[in-house]
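Report on one structure; see the data block that follows.
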Amino acid sequence: PGRAKQLLVSQLFQPFNLQAGDEAGWEGRAGEPACRSQKLMLQGGLVYPSGPGCYYYLPPAVRAVEKLVKVVDGEMQAVGGQKLNMPSLSSAELWRASGRWDGMGPELFRLADRHGKAYCLAPTHEEAVTELVAAQSNLSYKQLPLRLYQVTRKFRDEPKPRFGLLRSREFYMKDMYTFDASEEAARQTYDLVCDAYRSLFDRLGLPFVKVQAATGSIGGTVSHEFQLPADVGEDRLLLCPDGHFAANVEMLNGERTSCPTCGEKLTETKGIEVGHTFYLGTKYSSVSNAVFYSSKNKPQLAEMGCYGLGITRILAASIEVLSTEDSIRWPSLIAPYQLCFIPPKRGSKEEEEGVALLEQVYDNLAKALPHLAGDSVLDDRTQLTIGKRLKDANKLGYPYVVIAGKRVCEDPPVFEVWNQNAGEVLFLTKEGVIELLSKVQVP
């Protein structure tokens, strides 16, 4: 009811260039971030370090994360995913039964409750979800496939947290666990989820490669990583120039220099791992006795797969690969705000007319495109020049900036519109602005 309240930049909790003390745990000199995304996210008031590898996510970063989760939810539900939520505290007994309590080593955060019972802060939930499904004592083959996923905080005691959200000790992850009636069905699920990951990265406009990967502490027999090529990436990848072969170096025995399919020389690049898929077989279902009843009413072990996406890592990695040295560029779907309005400077001759016209544009926008009304901010710091506010808007990477400058006094009034991701400036009437923005997608 009533007019949608516009968000004012002066009231947003987004402190620029918040300086952290020595305890922040950055490598190099204290207060000197080590990669582009970390620097830009700290300067832009998106995150603030609370200790080595742990961060406060400030409101704009939370908006971006929530949008990303919405996009991920859409892709997971399109492949039959059902969302649940599992406890972060996982009992040591579960992890001992699978052999991972000792196998994970010091990366597992371990703790005991007041009764002396041992737990870990879960970095992943294979044991927990398998126990949950095993508790369904009369699961039928007709109820399969089961595709269960969650988006929760995960914990890993990184020996050297670095690069901001790219390698932290507490992070958000989407993890899906699938249960199928046969190996063949489980492999079909595997391909389906990999396609969903492809679709996700394509929609975000992120240049990814899917590479063969080692199964590591998760286990299983088939594994792939989704990697964003980047100089700060910690993984070394070998790629065939014609796309026949791609692998993480760590899973190759010996040095491979040429493509096994076409013989071309492989090129090496660095990558940031943003997704990981595993075909697990019965590794976990056999431990918890997660069975279903076949068409012949015989109990059979479920065939499993697990599929991770680093939510906060995708956020940082996308800033890493899309941005310039001093300006954030977002995948437009997940920008915290789609739109920034900049009114004239206080005391300028355009002030009165410009402010009124921008209000009109906002009101028209709220009526025609209500989904964008809550996705726009007004830079009301009118004591600053338009140029200074535009510079800030450019740094923060709003996909669209609408300015009421000198030309708002013309007949008809003309607005200056910056389309940041296309790198172009347009001069448009009020109707032109609404038409341009009608193409904007918000998850």
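Please find, among 226, 171, the residue that is farther than 30 Å from residue 111 by Cα, surrounded by 16 or more Cβ atoms within 10 Å (Cβ to Cβ) and touching a strand residue (DSSP E or B) at 6+ places or on another chain (Cβ under 9 Å).
226
Would you be able to tell me the number of residues in the stretch 85-100 that are hydrophobic (A, V, I, L, M, F, W, C) and either open to solvent by less than 20 Å² (accessible area, probe 1.4 Å) or in contact with a His (Cβ under 9 Å, 6 or more places away or on another chain) (or both)?
Pass one, the stretch 85-100, residues hydrophobic (A, V, I, L, M, F, W, C): 86, 89, 92, 94-95, 97.
Adding the requirement that they be either open to solvent by less than 20 Å² (accessible area, probe 1.4 Å) or in contact with a His (Cβ under 9 Å, 6 or more places away or on another chain) (or both) leaves 86, 92, 95.
Counting residues in the stretch 85-100 that are hydrophobic (A, V, I, L, M, F, W, C) and either open to solvent by less than 20 Å² (accessible area, probe 1.4 Å) or in contact with a His (Cβ under 9 Å, 6 or more places away or on another chain) (or both) gives 3.
Sort out for me the strands (runs of 3 or more DSSP E) sitting completely within the stretch 357-421 that have 2 or more residues that are at pLDDT 95 or above and open to solvent by 20 Å² or more (accessible area, probe 1.4 Å).
415-419
Could you check how many residues of the stretch 74-99 are within 24 Å of the chain's Cα centre (by Cα) and either at negative phi or acidic (Asp, Glu) (or both)?
15
Report whether or not residue 191 is surrounded by fewer than 18 Cβ atoms within 10 Å (Cβ to Cβ) and under 30 Å from residue 301 (Cα atoms).
yes
In this structure, does residue 353 turn out to be at pLDDT below 95, part of a loop (DSSP other than H, G, I, E, B) and open to solvent by 40 Å² or more (accessible area, probe 1.4 Å)?
Taking the combined requirement at face value, the residue does not satisfy it.
Scan the stretch 205-229 and report the pairs whose first residue is closer than 17 Å to residue 272 by Cβ and whose second residue is among the acidic types (Asp, Glu) and not in a loop (DSSP other than H, G, I, E, B), with Cβ atoms within less than 7 Å and a gap of 6+ or a chain change.
211/225; 213/225; 214/250; 225/273; 227/235; 227/273
Out of (1) open to solvent by 40 Å² or more (accessible area, probe 1.4 Å); (2) touching a Pro at 6+ places or on another chain (Cβ under 7 Å); (3) in a strand (DSSP E or B), the odd one out for residue 179 is which?
The one condition residue 179 does not meet is (1).
I want to confirm something. Restricting to the stretch 287-333 and keeping residues that are in a loop (DSSP other than H, G, I, E, B) and acidic (Asp, Glu), which single residue is farthest from residue 397 (Cα to Cα)?
Filtering the stretch 287-333 for residues that are in a loop (DSSP other than H, G, I, E, B) and acidic (Asp, Glu), the one farthest from residue 397 (Cα to Cα) comes out as 325.
What's the number of the only condition in (1) of a type outside the set (Val, Ile, Thr); (2) out of contact with any helix residue (DSSP H, G or I) (no Cβ under 9 Å at 6 or more places or on another chain); (3) buried (at least 19 other Cβ atoms within 10 Å of the Cβ) that residue 202 fails to meet?
(3)
Tell me which residues, restricted to the stretch 258-286, are part of a helix (DSSP H, G or I) and crowded, with 19+ Cβ neighbours inside 10 Å.
If the condition is that a residue be part of a helix (DSSP H, G or I) and crowded, with 19+ Cβ neighbours inside 10 Å, then 285 is the only one that fits.
For the structure I just gave you, tell me whether residue 151 is outside any strand (DSSP E or B), open to solvent by less than 50 Å² (accessible area, probe 1.4 Å) and in contact with a helix residue (DSSP H, G or I) (Cβ under 8 Å, 6 or more places away or on another chain). Write out each step before concluding.
Working: outside any strand (DSSP E or B): no; open to solvent by less than 50 Å² (accessible area, probe 1.4 Å): yes; in contact with a helix residue (DSSP H, G or I) (Cβ under 8 Å, 6 or more places away or on another chain): yes.
So residue 151 fails the test.
Condition (residue is surrounded by fewer than 19 Cβ atoms within 10 Å (Cβ to Cβ), closer than 29 Å to residue 48 by Cα, modelled with pLDDT of 95 or more and touching a His at 6+ places or on another chain (Cβ under 6 Å)) applied to the stretch 101-120: is it met by at least one residue?
no
Within the bounds of the stretch 201-213, is there any residue that is under 26 Å from residue 54 (Cα atoms) and more than 14 Å from the chain's Cα centre (by Cα)?
For the stretch 201-213, residues under 26 Å from residue 54 (Cα atoms) and more than 14 Å from the chain's Cα centre (by Cα): absent.
Under 6 Å by Cβ, and 6 or more places apart or on different chains, what pairs join a residue from the stretch 282-298 that is in the same structural domain as residue 95 (by the TED database) and under 17 Å from residue 146 (Cβ atoms) with one that is among the small types (Gly, Ala, Ser) and part of a strand (DSSP E or B)?
293/140
Might you let me know whether the stretch 49-65 holds any residue that is hydroxyl-bearing (Ser, Thr, Tyr), touching an Asp or Glu at 6+ places or on another chain (Cβ under 6 Å) and buried (at least 17 other Cβ atoms within 10 Å of the Cβ)?
Kept after step one, since they are hydroxyl-bearing (Ser, Thr, Tyr), are these residues of the stretch 49-65: 50, 55-57.
Retained after the next criterion (residues that are touching an Asp or Glu at 6+ places or on another chain (Cβ under 6 Å)): none.
Scanning the stretch 49-65 turns up no residue that is hydroxyl-bearing (Ser, Thr, Tyr), touching an Asp or Glu at 6+ places or on another chain (Cβ under 6 Å) and buried (at least 17 other Cβ atoms within 10 Å of the Cβ).
The values are calculated or read from the model by the stated rules, or taken from the named source; none is laboratory data. Worth saying up front: this structure is predicted, and the values here are computed from it rather than measured. Counting neighbours? That spans all protein chains shown, and the Cβs are built from the backbone with ideal geometry, glycine included. Remember, those area values only see protein heavy atoms, side chains included, never the ligands or the DNA or RNA. Shrake-Rupley method; radii C 1.70, N 1.55, O 1.52, S 1.80 Å.
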